[in-house]
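Asker: Okay, here's the structure, questions in a sec.
The values are calculated or read from the model by the stated rules, or taken from the named source; none is laboratory data. All values reported here derive from a predicted model rather than from experimental measurement. Cβ: placed from backbone, ideal geometry, glycine included. Neighbour counts: every protein chain shown.
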């Protein structure tokens, strides 16, 4: 019998029952909750007279709507405030293992606070009413984003109805070039395979390049698996995973820690496991990436050019390139390095962890944000990240360079709070989606790594950071 | 959930691939704590010329005459036709809620994003996958003939065109049954409560740290 993939192992260890058509009831170990996708689910429970099955699986925070300025004033927008207050009410009525409300010192983006508190552990099934739940797969968890009906279903039953996904292995081998980061890897992958390649699949990332990444980098990769269409991203457990988790508030302790480590070591695909699809990527050939269009697959290397619709033979592709360039206010064949920015955003569940801030700070140290850039902002992923950065003096480096240093939250990744682009404004953003209007109606988003965003803030346009000395 | 079995309707063409959930319902409308009322802001940035904010009366908005759904012939369309990877992006269930609230019952496309597909079925919105070539033919027919209609039969799993061609589609038997009967998943799962408890006690003995 052939070996099992990591996905298969995680699946098998969580099946409560299977139906004849392959639908299974999967047990859910960790339920992460935030204010936007949960109110209707709690309301549904109430209307049906149901209670949560297991409140100690719940970890909640408010992140999408929270402001990043003037926390002492509270939430000014009454509609946002109602949503955040509703979360407070629901958690105090129903209970949770941990709740990090607005202004709590451990509040932050749900996909940052889960791992940093040890709420995300290898071998778990993790769900959240947010597509970027795939992030947690970096810890060899089966982590999937769900809709609000499923949030209610998990609350009421501790289970999720799922069909088994196909397996997809992406192996990145070789060694990265200097200043090329996890973000560039995942953007390059999406550029190569497309935004729908992972549909119906769970993607496992492997290979020397992935092994050499920090846990933060691995989270960036798995975070954007959903941008390749895959509901789940996965990376095997290794020593880095275990070291990261040791001593975190919710990590196992004492004898449990020893037993857990033993179990976690089995959480990797067997050597003879067979995947439905395999893609090999040469990590050494990956250059810094910049998206030019309105889908993450519309991406170029920094030394590249915007595409020419005339070069597209397929009429649908031609039309979509044309529409994207038009929306982005770009003409064909423009060098990427000639694209000037109005704003720069360093943050989001993709790139707001301590390592991301360190990489960006290295680039801006001793420099100034270009005069032509109206606003450059850093939004740490959580209160803990913020405090760690301040301990290391990163906040001073950013502030001295002219960056705004903000309170944690989702912020301008999706612009549900006051941080948004005005129509026509162009932004270098470390977030995950460059869809039309994502960062504000009419706003234009270019997805990049933290170092690329930092360098763009200083230059006022994109630059190839491989050319820069970091010293 | 409302039952669905058979529907004949005008087909509204949304000729784009990768229609994302931010386009279906922009983020400023996600602040609601209700499941209803999203229809007036469906495709907001495409449908109106002025920027949309929550609470604004649609009667006072500036309608984009070029957007396909604003054409009179599609006012009663219950079937939306689109291209690859429909519903990609965010997991917001507000996307199917908005489509349903607006009046759509069926979306036909060559492929759907996984989360959107699931969310739709849980709300009585039927996503139908047909081959790209068939979808392309349908687009041509819709553009050729104003008010082009098709018939969707969930029981028999086919879409019948005005030319009487039947295109079969696939859907899980379980999902189809839920839609046909308007069944609630939660009640069904809770009928297996004993099995869930057995799973928990087994897991608790193997991985006790998950319960501390």
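Asker: Please verify whether the stretch B:153-172 includes one or more residues that are out of contact with any helix residue (DSSP H, G or I) (no Cβ under 6 Å at 6 or more places or on another chain), at the interface with another protein chain (Cβ under 10 Å from one of its Cβ atoms) and surrounded by 13 or more Cβ atoms within 10 Å (Cβ to Cβ).
Answerer: Checked the stretch B:153-172: at least one residue is out of contact with any helix residue (DSSP H, G or I) (no Cβ under 6 Å at 6 or more places or on another chain), at the interface with another protein chain (Cβ under 10 Å from one of its Cβ atoms) and surrounded by 13 or more Cβ atoms within 10 Å (Cβ to Cβ).
Asker: Within the stretch B:178-190, can you find the residues that are more than 10 Å from chain A (Cβ to nearest Cβ) and exposed (fewer than 13 other Cβ atoms within 10 Å of the Cβ)?
Answerer: Hits for the stretch B:178-190 are B:181, B:182.
Asker: With the structure loaded, tell me whether residue A:353 is surrounded by fewer than 19 Cβ atoms within 10 Å (Cβ to Cβ) and either at pLDDT 95 or above or out of contact with any helix residue (DSSP H, G or I) (no Cβ under 8 Å at 6 or more places or on another chain) (or both) or whether it fails that test.
Answerer: In short, no.
Asker: Also, I was wondering about something else. Go through the stretch A:408-455 and count every residue that is assigned to a helix (DSSP H, G or I), under 16 Å from the mean Cα position of the chain (by Cα) and within 11 Å of residue A:344 (Cβ to Cβ).
Answerer: Within the stretch A:408-455, residues that are assigned to a helix (DSSP H, G or I), under 16 Å from the mean Cα position of the chain (by Cα) and within 11 Å of residue A:344 (Cβ to Cβ) number 2.
This table checks each residue for (1) surrounded by fewer than 16 Cβ atoms within 10 Å (Cβ to Cβ); (2) under 22 Å from residue A:79 (Cβ atoms); (3) without any contact (Cβ under 8 Å) to a residue 12 or more places away in the chain.
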site	(1), (2), (3)
B:1	no, no, no
B:21	no, yes, no
B:38	no, yes, no
B:50	yes, yes, no
B:57	yes, yes, yes
B:87	no, no, no
B:96	no, yes, no
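Asker: Continuing with this model, one more query. If residue A:61 meets every condition in (1) more than 10 Å from chain B (Cβ to nearest Cβ); (2) in contact (Cβ under 8 Å) with a residue 60 or more places away in the chain; (3) touching a strand residue (DSSP E or B) at 6+ places or on another chain (Cβ under 9 Å); (4) crowded, with 19+ Cβ neighbours inside 10 Å apart from one, which number is that one?
Answerer: (2)
Asker: Here is a follow-up. Look at residue B:12 and say whether it is part of a loop (DSSP other than H, G, I, E, B), buried (at least 17 other Cβ atoms within 10 Å of the Cβ) and more than 8 Å from chain A (Cβ to nearest Cβ). Reasoning before the result, please.
Answerer: Details: part of a loop (DSSP other than H, G, I, E, B): no; buried (at least 17 other Cβ atoms within 10 Å of the Cβ): yes; more than 8 Å from chain A (Cβ to nearest Cβ): yes.
Here the answer is no, as residue B:12 does not meet what is asked.
Asker: Let me ask another. In the stretch B:177-208, which residues are in contact with a strand residue (DSSP E or B) (Cβ under 9 Å, 6 or more places away or on another chain) and within 30 Å of residue B:147 (Cα to Cα)?
Answerer: If the condition is that a residue be in contact with a strand residue (DSSP E or B) (Cβ under 9 Å, 6 or more places away or on another chain) and within 30 Å of residue B:147 (Cα to Cα), then B:179 is the only one that fits.
Asker: From the list B:120, B:205, exactly one residue is at the interface with chain A (Cβ under 10 Å from one of its Cβ atoms) and either at pLDDT below 95 or part of a helix (DSSP H, G or I) (or both). Which is it?
Answerer: After ruling out the rest, the residue left standing is B:120.
Asker: Working only within the stretch A:168-190, note down all residues that are crowded, with 24+ Cβ neighbours inside 10 Å and either within 14 Å of another protein chain (Cβ to nearest Cβ) or in contact with a helix residue (DSSP H, G or I) (Cβ under 7 Å, 6 or more places away or on another chain) (or both).
Answerer: A:168, A:170, A:172, A:181, A:182, A:183, A:185, A:186, A:189, A:190, listed by residue number.
Asker: Hey, another quick one. Can you name the helices (runs of 4 or more DSSP H) wholly within the stretch A:211-318 that have at least 1 residues being out of contact with any helix residue (DSSP H, G or I) (no Cβ under 7 Å at 6 or more places or on another chain)?
Answerer: Details: elements: A:215-223, A:239-245, A:254-264.
Because the criterion is at least 1 residues that are out of contact with any helix residue (DSSP H, G or I) (no Cβ under 7 Å at 6 or more places or on another chain), the helices (runs of 4 or more DSSP H) in the stretch A:211-318 that meet it are A:239-245, A:254-264.
Asker: Taking the stated definitions as given, is residue B:91 part of a loop (DSSP other than H, G, I, E, B), in contact with a strand residue (DSSP E or B) (Cβ under 7 Å, 6 or more places away or on another chain) and buried (at least 17 other Cβ atoms within 10 Å of the Cβ)?
Answerer: yes
Asker: Please verify whether residue A:135 is under 22 Å from residue A:267 (Cα atoms), modelled with pLDDT of 95 or more and either buried (at least 24 other Cβ atoms within 10 Å of the Cβ) or within 14 Å of chain B (Cβ to nearest Cβ) (or both), treating the condition exactly as stated.
Answerer: Spelling it out, residue A:135 is indeed under 22 Å from residue A:267 (Cα atoms), modelled with pLDDT of 95 or more and either buried (at least 24 other Cβ atoms within 10 Å of the Cβ) or within 14 Å of chain B (Cβ to nearest Cβ) (or both).
Asker: Which numbered condition trips up residue B:31, out of (1) closer than 29 Å to residue A:41 by Cα; (2) touching a residue at least 24 places away in the same chain (Cβ under 8 Å); (3) within 14 Å of chain A (Cβ to nearest Cβ)?
Answerer: Unmet condition: (2).
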